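Heads up, the thing below is written out as structure tokens.
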Amino acid sequence: MEAICFLTPPHQSHLQLPKHLHFQTKHNSNATATFTNPKKHNSLKTIAKISAEPALAVAPPPQNLPPPPLLKASPSSLQYEAGMVGAVPDHMVTPGPLNAMEYLTNIFSSKVYDVAYETPLELASKLSSRLGVNFWLKREDLQPVFSFKLRGAYNMMAKLPEEQLEKGVICSSAGNHAQGVALAAQKLGCNAVIAMPVTTPEIKWKSVERLGATVVLVGDSYDEAQAYAKKRAKEEGRTFVAPFDDPDVITGQGTTGMEIVRQMKGPIHAIFVPVGGGGLIAGIAAFVKRVSPEVKIIGVEPSDANAMALSLHHGKRVILDEVGGFADGVAVKVVGEETFRLCRELLDGVVLVSRDAICASIKDMFEENRSILEPAGALSLAGAEAYCKYYNLKDANVVAIASGANMNFDRLRLVTELADVGRQREAVLATFLPEERGSFKRFAEKVGPMNITEFRYRFVSDKEEALVLYSVGVHTKSDLDAMVERMESSQLRTINLTNNDLVKDHLRHLMGARSDVQNELLCRFVFPERPGALMKFLDAFSPSWNITLFHYRGQGEAGANVLVGFQIPSSEMEEFKNHANRLGFSYMEETSNYAFQLLMR
């Protein structure tokens, strides 16, 4: 059975939509995409198909019962090859605050263009040439606040009654959502309070203040800032502006998908969207899957912040026991309830990418047009590239959302260190040399035409072998393999440490004489970047245990990654762990890490 409906969207001065949009509603049992042949994709039609009935059974309405506790999960419990589409949902349709057609019509009538731009959809010529596809960038980094977040915040706030606006709004955020709420409040003439963790970089909270909002720095984490904001909202009657889990916020973000469909003149194979709490991808999917169901909507998450992938994998929302902070714009422990409902129904899956790959995509964007994206802003570029390589996709249109450009300047140092590693243009190696005259020259000869970009060596008088840690520029994998073979054939044992994060974050900066410390325990802690954090740490452990190693290097993140060695008798190990757990800092043991045993023992 087919139903025909006509929608006439209101005039938008910034958006030239067709005067009448004709939708043909038809059951389509083949709407769910598969990945057996990624080259195959359907044409984008003027008449778009919208599923009138779900392919799977609709779940019964929920009973009035308290929600079950969220499943606790570790990011490491779900990992798969870069570029592979995993966590494919079951596409279960469940009731929610808005149905599919309501989201569609609300996106058409959204007021976001009072403050937001219709950002361009640009062809990335260098990426397209390298990958053999048409690689399109949706430039949300060009919004007034350098992020898409303005869309959802304004759409939600613009719908508030006048008396509610007079009471003011409040939100909690460490960056982009805060700026979106502040600018929306400025446009609407209402008072805004923004709760931000005390670890928020000065450049971010000052940007919010310049937009006229009142900034309150509270707590060491986002959770503490959010608790403060919700408490103050109740006390003062302010409206809490959610960062992602709100139908009006989702609707505002969905205008991004509406623009992509209108701007793209040819068939779209897939749209790659960064995923944190899920507001952007839920909004894009709510629109695109209703007007062009053949277009794949693929989420992209960091491998150490994969809350949506794990939630889709388990069929219910999970809470991460820890979350990586490099791509802080998507560092979310729990995805939204409504965003998960929509993603479970509409997504085609999630691609996971590494920190190195994100850094490589930041460099790609800079080389493409001299723009610098923040890590979360480059996330979908990394996912789209990995997908194209994994499925050997050619001659198709793929779209990646360049979602934000609020980069901490301090973080650029780490990005430059890891970008070439992520693009597989640099390798980190360790080689054993005989501690004898001439061995260094012999080593250099075996490196041959490879360019040494970093080298560390320290003479140790009581060792028969020297260990050197170095990096080399790589043109092709075969060049690297040939160099390692030359080393091995000359009895110079060589180990590739390129994928070891402990080496890249710490040990490459600590290279010196190895030491045999008895009862040594090595741990990586995450300190909040605020005054007094180090003293709190030392008070907990000193003078009880001897500190044998300490390395900290600021990377422009809210949490500082610190490597610490302790000398702890086995009889006191349980006591140490109790101290560490009470401290409240996230930590993991690294004593058995192969690189530590190789380079430092």
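Structure summary
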| read-out | value |
| --- | --- |
| Computed helical MRE - 222 nm, the chain, DSSP H runs ≥ 4 contributing -39500 (n - 2.57), nearest 500 | -10500 deg cm²/dmol |
| Rg/Rh (Cα only; Kirkwood hydrodynamic radius) as it applies to the chain | 1.00 |
| Förster radius 45 Å - calculated FRET efficiency between Gln79 and Glu435, Cβ distance, rounded to 0.05 | 0.70 |
| Cβ-derived FRET efficiency at R0 51 Å, Ser109 paired with Tyr457, nearest 0.05 | 0.15 |
| Computed magnitude of the charge dipole of the chain (debye, nearest 20; Cβ of K, R +1, Cβ of D, E -1) | 1300 |
| Nearest 10 degrees, 0 to 90: helix 477-489 Cα axis against the chain principal axis | 20 |
| Sequence ranges 207-214, 450-457, ranked by mean other-Cβ count within 10 angstrom, highest first | 207-214, 450-457 |
| In Hz, Karplus ³J(HN,Hα) per residue of segment 495-508 (6.51, -1.76, 1.60; θ = phi - 60°; x = Gly, Pro) | 10, 8, 10, 4, 9, 9, 5, 4, 5, 5, 8, 10, 5, 5 |
| Cβ-based net charge around Leu346, under 10 Å, with every Lys or Arg adding one and every Asp or Glu removing one | +2 |
| Proxy reagent accessibility, fewest Cβ within 10 Å first, across Phe440, Phe287 | Phe440, Phe287 |
| Sum of side-chain charges, Leu280 neighbourhood, beta-carbon under 10 Å (Lys, Arg +1; Asp, Glu -1) | +1 |
| Label point distance in nm, Ala227-Thr416, each placed 7 Å from Cα along Cα→Cβ | 4.0 |
| Residue-count net charge about Val85 - beta-carbon cut-off 11 Å; Lys, Arg +1, Asp, Glu -1 | -1 |
| Peptide ranges 425-434, 487-496 listed from the most packed, as the mean C-beta count within 10 angstrom indicates | 425-434, 487-496 |
| DSSP-defined beta bridges in the chain - what % are antiparallel, rounded to 5 | 55 |
| Phi-based couplings in Hz for segment 463-468 (Karplus 6.51, -1.76, 1.60; Gly and Pro marked x) | 10, 7, 10, 9, 10, 10 |
| Fraction in percent of alpha-carbon pairs per bin - 10 Å, segment 69-186 | 10, 24, 30, 29, 6, 0 |
| Using alpha-carbon coordinates, inclination of helix 176-188 to the longest axis of the chain, degrees | 30 |
| Computed magnitude of the charge dipole of segment 424-499 (debye, nearest 20; Cβ of K, R +1, Cβ of D, E -1) | 160 |
| Largest-first ellipsoid semi-axes for segment 424-499, taking √(5λ) over the Cα gyration tensor eigenvalues, angstrom | 21, 13, 10 |
| Segment 301-375: radius of gyration and largest Cα-Cα distance (Dmax), Å | 14.0, 41 |
| Compactness index (Cα Rg / 2.2 N^0.38 Å), segment 258-301 | 1.09 |
| Förster radius 51 Å - calculated FRET efficiency between Met588 and Ser490, Cβ distance, rounded to 0.05 | 0.85 |
| Debye intensity ratio in log₁₀ form over the Cα atoms of segment 169-237, taken at each q of 0.29 Å⁻¹ | -1.30 |
| Set Lys187/Lys265; Lys231/Lys536; Lys333/Lys504; Lys149/Lys187; Lys149/Lys204 screened for pairs whose C-alpha atoms are more than 22 Å apart | Lys187/Lys265; Lys231/Lys536; Lys333/Lys504 |
| Order of Met535, Met407 - criterion: other Cβ atoms within 10 Å of each residue's Cβ, fewest first | Met535, Met407 |
| Qualifying trypsin sites (Lys or Arg not before Pro) in segment 302-398, DSSP loop, other Cβ atoms within 10 Å at most 16 | Lys316, Arg370, Lys394 |
| Segment 520-600 - Rg over Rh from alpha carbon coordinates, Kirkwood radius | 0.95 |
| Fewest-first sequence of Met573, Met264 by Cβ atoms within 10 Å of each Cβ | Met573, Met264 |
| Long-range HN-HN contacts of Thr548 with modeled amide H, under 5 Å | Gly565, Phe566, Gln567 |
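Laboratory data are not the source of any read-out in this text; all were calculated from the coordinates shown. Just so it is clear, the model here is predicted, and its values are computed rather than measured. FYI the Cβ positions are ideal-geometry reconstructions off the backbone, even for glycines, and counts take in every protein chain you see.
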